[in-house]
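Chemist: Dropping a structure here in structure tokens format, bear with me for questions.
Derivation of every value follows stated rules applied to the coordinates shown; laboratory data play no part. Since this is a predicted model, take the numbers as computed values, not measurements. As a convention, Cβ positions derive from the backbone with ideal geometry for all residues, glycine included, and neighbour counts pool all protein chains shown.
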Amino acid sequence: MQESARQQTTEPQPAETLIPRASAGGVIVNRAGEILLVQQHNNSWSLPKGGINEGESEYEAALREIKEETGITRLSLVGPLGSYERYSIGKDGMGETKEWGSRKRTFFLFKTDEVVAGGFNDPDGEITKVRWVTVDEAVVLLTHPKDKEFLDSITPNIKAIIT
């Protein structure tokens, strides 16, 4: 009896019981008016972002994730851009991974004078490339439709800071 009880406690929890982890990130604008995208697993493009650790604010998580995923460290906060929810992209870069649940994603708008993204040290090994692109190029490159919708909705904020 004790053995079966012990086995039950070590089995993985069903996907329905997993609590989705919120994430935070940034839309980073360089002096040329381009924004930075990250490629994940060589098969999908997104804005730099990642999970919020326990005890970390959304802003702190955004700064940490941007550094890990892009190597960019000189950031000037313009302001918050808001949040939206979506499912994660499937492992093959197609579809969605619904078993992890829909996750809240919060973004901030930043400016940077850094020209080349590099030296990134993504501890999860999911980022395979970083690339500066125009907003129009980003809308085409972004893999998830919700990311495209969000970028469309904040384009006036980005254009307002491009000099």
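Chemist: Determine which residues of segment 140-157 fall in the zone a paramagnetic label at Val133 would reach in this model, i.e. backbone nitrogen under 16 Å from the point 7 Å along Cα→Cβ.
Modeler: 140-155
Chemist: Which pairs break 21 Å Cα to Cα here: Lys67/Lys129; Lys129/Lys159; Lys104/Lys129? All intermediate terms of the calculation are to be shown ahead of the outcome.
Modeler: Numbers: Lys67/Lys129 14 Å; Lys129/Lys159 25 Å; Lys104/Lys129 24 Å.
Too far apart for the 21 Å limit: Lys129/Lys159; Lys104/Lys129.
Chemist: Report the gain in length on full extension from His41 to Ile154: 0.36 nm times residue separation, minus Cα-Cα distance, nm rounded to one decimal. Mind showing how you got there, number by number?
Modeler: Details: separation 113, 0.36 × 113 = 40.68 nm, distance 2.61 nm.
Between His41 and Ile154, full extension yields 38.1 nm more.
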